[in-house]
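The structure appears right after this line, and notes come after that.
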Protein chains: 2
Amino acid sequence: MEIYKEIHLDKNSPQHLYMQLFYKIRQFIMDGQLKANEKLPPIRQLANTLGVNTSTIVNAYGLLEKEGFVYKKIGSGTFVSPRKDDRLEDVVLEKYPLDEDIRLMDRGQIQIKENMISFASATPTSDLFPVDDFKILLNEVLDRDKGDAFGYQESQGYYPLRESLVDYLKEINIETNSENVQIISGAQQGIDVIAKAFVDYKDTIIVESPTYTGAIGTFKSRGAKIVSVPILEDGIDIHLLEENIKKHHPKFVYLMPNFQNPTGYSYSKEKKLKIIELADKYNTFIVEDDYLSDLSFYNNDNATLKSLDENDRIIYIKSFSKIFMPGLRLGFLVIPKKIHHRILAAKHTSDISTSGLNQRVFDLYLRKGIWKKHIRYMEKIYRERFDVMKNCIEKYFKDIDISYILPKGGLNFWFSLPEGYDSNKLYVEGAKNNILILPGSIFFISQNESRFFRLSIAAVYPKDIEIGIKGLSQVIKRFIKKDTKERKGPDSYTPLL
Amino acid sequence: MEIYKEIHLDKNSPQHLYMQLFYKIRQFIMDGQLKANEKLPPIRQLANTLGVNTSTIVNAYGLLEKEGFVYKKIGSGTFVSPRKDDRLEDVVLEKYPLDEDIRLMDRGQIQIKENMISFASATPTSDLFPVDDFKILLNEVLDRDKGDAFGYQESQGYYPLRESLVDYLKEINIETNSENVQIISGAQQGIDVIAKAFVDYKDTIIVESPTYTGAIGTFKSRGAKIVSVPILEDGIDIHLLEENIKKHHPKFVYLMPNFQNPTGYSYSKEKKLKIIELADKYNTFIVEDDYLSDLSFYNNDNATLKSLDENDRIIYIKSFSKIFMPGLRLGFLVIPKKIHHRILAAKHTSDISTSGLNQRVFDLYLRKGIWKKHIRYMEKIYRERFDVMKNCIEKYFKDIDISYILPKGGLNFWFSLPEGYDSNKLYVEGAKNNILILPGSIFFISQNESRFFRLSIAAVYPKDIEIGIKGLSQVIKRFIKKDTKERKGPDSYTPLL
């Protein structure tokens, strides 16, 4: 019991006690302080040691089991699961996926069996990358700049690239100058740099619920208090947002106003304008993560907040991972003037600067207009998939007891099983039938919300979309029928929403 | 005065009140909340507002003036200095350099005038980069891997590269396996990732004094309490280290055991072994930043701590910025087994993964043995410079009232002016004579320590070393004579050491 005595649960924390306990024990397992097949303490005993109710222990053990960290033997207790070290070879098909597996699937990094159709990956397959064009420009840069391409780059970013981006931004109605542009090593770093610049221990951040899991991880790592506000079909619940801003004085609000991840929902113009107004009224910032506004198929209103930002309140993050090449690790911020130095200092402590070679090649890519050609190509590819997906959903999902709202663009479709059903279980059923879905629990702040799932068309060819959605509709029908009597185990909790 | 009322100084903080005030006002200036030529409040008035002694205000204003943020007009007060936005074009020659300027000089990023000899840059000039070899391998990777080179890479790093690094490590007597290797986007990110994995608000970290400025920035950004222990000729003061470990229970101790930056000092074998013992005895970790052990010219004892680490207590950071190409943003960690998952999660929130293309090219570079050829070439270049430097120092500095200990390898030489002299002033005198030195204050936790300076040979050709050191010796002679009566202004404080 020695190790358990180190655990201190904080009753004043906004995080539930069972979640705190879950994280502590999970850390012990990950760190190897608890070994495979080691027995966890009996529930009553641990409750006494920690001075909490037995239900706290029951819930924590339940969640650990759900996440695959422990297993139960009837009549003898709870034990640490043996874990494989190399996660990538671990094709998780027969059991609930771990959070980390879900993230790997999201990025197209889990090896899937041949003939398997993956709606889990939101990352384009590598055959869509413009490698030949890139290779020509890479050689052009090396011949032109030689060693200079490999020295330290300015922390703010390669100046000519920042200039090219200002021109690119003009075309999407964002007027700025190169001083406001900060190059980053991908959107995830953008979020990290902004968090470093603004968030100290116990500061509050407001996010959408559900939201991008990588952002949650970063904010948690800064010790932030994260408040989530539900997103509706036309954007975040604006009244709840205002209430929470008033109450919590957040350092910023983190939003994806166009084709939100994971829901695919887009904000109405009214909500976009209202949000900018709120930021000004309550003296806070909005972080706009624009990972997909380029792919607007049926929405004439995909304006970015930044393009509407008259008060210099929007910190704009642009990622190209979904429409260009994620492995480049390249993106940029457009930032309010008065936070330049903070952002620059945060970028500096993160990695000094982004790879100068990649910045130089991308600069040429923009300057020579090859970028525009590529975007048109990706739009064409994705629009075809989007239309096929929409039609298949309307055709095959119409008689099934799941809810959804069709998005107007982007790559993601978001579904909800009836109350009490668990999408992790549906995942297992899908995988058995060679169809991968992405369980939605990782997109919520506390992992209680298990009936949602996401389907993405980034990595599925049109003919496979039809096969996959048809097959999935049958899986879901059987699942809802069969699972009716299996609802709610010890690992299910009242949803926050 | 409105803005000043926002300032809260914390009397319980380990940071001096005047330093806290300095940072607050500097932030106002950087954020644009105080405008160019705006007057700061009179000293007595601000002291009343904040409830502190007038000396606190005097010291803070003095430091702001020294750092170039404000200027004084006799009889009328203190005013905000006009600042140029684009730091890179700002060749700072006639005034005290700002901390940020010093960092840019360290990385070879400040444009210097032609004919100027820079001992400030510790970054090799770009003519030393193996661009031709790199270009061939880059094309080989693109032809071989095509789009796969641009997908998301595993967060832990490209597997074949981790394998190649295990072989490379064997040659420097570090036995490990690919599971313990974590690829990072340069050493600065390595420090950041380790801090994210271990350091929460108010945790303690122990560092050498002086130490690498980028590490200080990262630890501060995590809200850590930083305790510094002086480094001596044969390594950190081991008794003080043990006392401080006992007292503060640090999350880790951050060290550079070979050719430390900025001093160039190397740890004795005894101290290396003792440090490993202390880590085990007090249940903490040692972060070993190995940025230069490859360049050991007169030391047979440049073993890394990691090679001596029998208790799995060392977190090893390897950077190639000084001996390969800093702009690649590539390095790696060798980590204890039990912290794998923590480090991986921290890397993930930082930038998901390091550029896959650069990883693949570097892998081939190692596999084909081109790496070894390059290292031998760099050793030859640097050894020649090192020998010339050593001889020049012995020849020209022998009659000057400065102290130094010659290093046994590496690129850095560390000097101390007599008590009370300010190396920032010497910097200005050197610059007037076309010789750049690096003032040492940024390497200390609190910026009180102003009599040290660093000379580096990374970016100076042998013939210029002789010209530069000869010239510098004359500048120093005149400086010490002339400056005798100028010692200690309001901006000088009792050194901590």
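The values are calculated or read from the model by the stated rules, or taken from the named source; none is laboratory data. What you see is a predicted model; the values in this text were computed from it and never measured. We place every Cβ from the backbone using ideal geometry, glycine too, and count neighbours over all the protein chains shown.
For A:F444, the test of being under 19 Å from A:D101 (Cα atoms), without any contact (Cβ under 8 Å) to a residue 40 or more places away in the chain and under 17 Å from the mean Cα position of the chain (by Cα) is failed. Would a scan of segment A:191-211 turn up a residue that is crowded, with 17+ Cβ neighbours inside 10 Å, within 14 Å of chain B (Cβ to nearest Cβ) and in a loop (DSSP other than H, G, I, E, B)? Among the residues of segment A:191-211, at least one is crowded, with 17+ Cβ neighbours inside 10 Å, within 14 Å of chain B (Cβ to nearest Cβ) and in a loop (DSSP other than H, G, I, E, B), which makes the answer yes. Summed over segment B:158-175, the residues that are crowded, with 19+ Cβ neighbours inside 10 Å and either touching a strand residue (DSSP E or B) at 6+ places or on another chain (Cβ under 6 Å) or within 11 Å of chain A (Cβ to nearest Cβ) (or both) give a count of 3.
In this structure, A:I393 does not satisfy being more than 9 Å from every other protein chain (Cβ to nearest Cβ), within 30 Å of B:T123 (Cβ to Cβ) and modelled with pLDDT of 95 or more.
Of the helices (runs of 4 or more DSSP H) contained entirely in segment A:355-459, those carrying at least 3 residues that are over 30 Å from A:D167 (Cα atoms) fall at A:370-396, A:423-432. On inspection, A:I238 qualifies as more than 18 Å from A:F444 (Cα to Cα), surrounded by fewer than 24 Cβ atoms within 10 Å (Cβ to Cβ) and assigned by TED's automatic domain parsing to the domain that holds A:P210. Considering only residues in segment B:403-413 that are crowded, with 19+ Cβ neighbours inside 10 Å, in contact with a helix residue (DSSP H, G or I) (Cβ under 9 Å, 6 or more places away or on another chain) and not small (G, A, S), the one that is nearest to B:F452 (Cα to Cα) turns out to be B:F413.
To keep it simple, each residue is scored yes or no on (1) within 11 Å of another protein chain (Cβ to nearest Cβ); (2) over 22 Å from A:S209 (Cα atoms); (3) at pLDDT below 95.
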{"residue": "A:P257", "(1), (2), (3)": "no, no, no"}
{"residue": "A:K274", "(1), (2), (3)": "no, no, no"}
{"residue": "A:L278", "(1), (2), (3)": "no, no, no"}
{"residue": "A:I286", "(1), (2), (3)": "no, no, no"}
{"residue": "A:S293", "(1), (2), (3)": "no, no, yes"}
{"residue": "A:Y316", "(1), (2), (3)": "no, no, no"}
{"residue": "A:I323", "(1), (2), (3)": "no, yes, yes"}
{"residue": "A:T349", "(1), (2), (3)": "yes, yes, yes"}
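Taking first residues from segment A:38-56 that are under 15 Å from A:L9 (Cβ atoms) and in the same structural domain as A:L21 (by TED's automatic domain parsing) and partners that are of a type outside the set (G, A, S) and part of a loop (DSSP other than H, G, I, E, B), the Cβ contacts under 7 Å between residues at least 6 apart in sequence or on separate chains come to A:P41/A:M1; A:A47/A:N53; A:T49/A:M1; A:L50/A:I7; A:L50/A:L9; A:V52/A:L9.
For the residues A:P230, A:P250, A:P262, the requirement of being in contact with a strand residue (DSSP E or B) (Cβ under 6 Å, 6 or more places away or on another chain), surrounded by 16 or more Cβ atoms within 10 Å (Cβ to Cβ) and within 30 Å of B:Y201 (Cβ to Cβ) singles out A:P250. Considering the conditions (1) modelled with pLDDT of 90 or more; (2) of a type outside the set (F, W, Y); (3) in the same structural domain as A:D363 (by TED's automatic domain parsing), A:A120 is excluded by exactly one of them, (3). Applying the set (1) closer than 13 Å to B:F252 by Cα; (2) modelled with pLDDT of 95 or more; (3) within 13 Å of chain A (Cβ to nearest Cβ) to B:I183 leaves exactly one unmet item: (1).
A quick yes/no check of all residues on (1) within 19 Å of A:I339 (Cα to Cα); (2) out of contact with any Cys (no Cβ under 9 Å at 6 or more places or on another chain); (3) not acidic (D, E):
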site: A:D145; (1), (2), (3): no, yes, no
site: A:N173; (1), (2), (3): no, yes, yes
site: A:I183; (1), (2), (3): yes, yes, yes
site: A:Y201; (1), (2), (3): no, yes, yes
site: A:T211; (1), (2), (3): no, yes, yes
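Would you point out the residue of segment B:142-157, among those that are more than 14 Å from A:Q109 (Cβ to Cβ) and more than 7 Å from chain A (Cβ to nearest Cβ), that is surrounded by the most Cβ atoms within 10 Å (Cβ to Cβ)? Applying the filter and picking the extreme gives B:D145.
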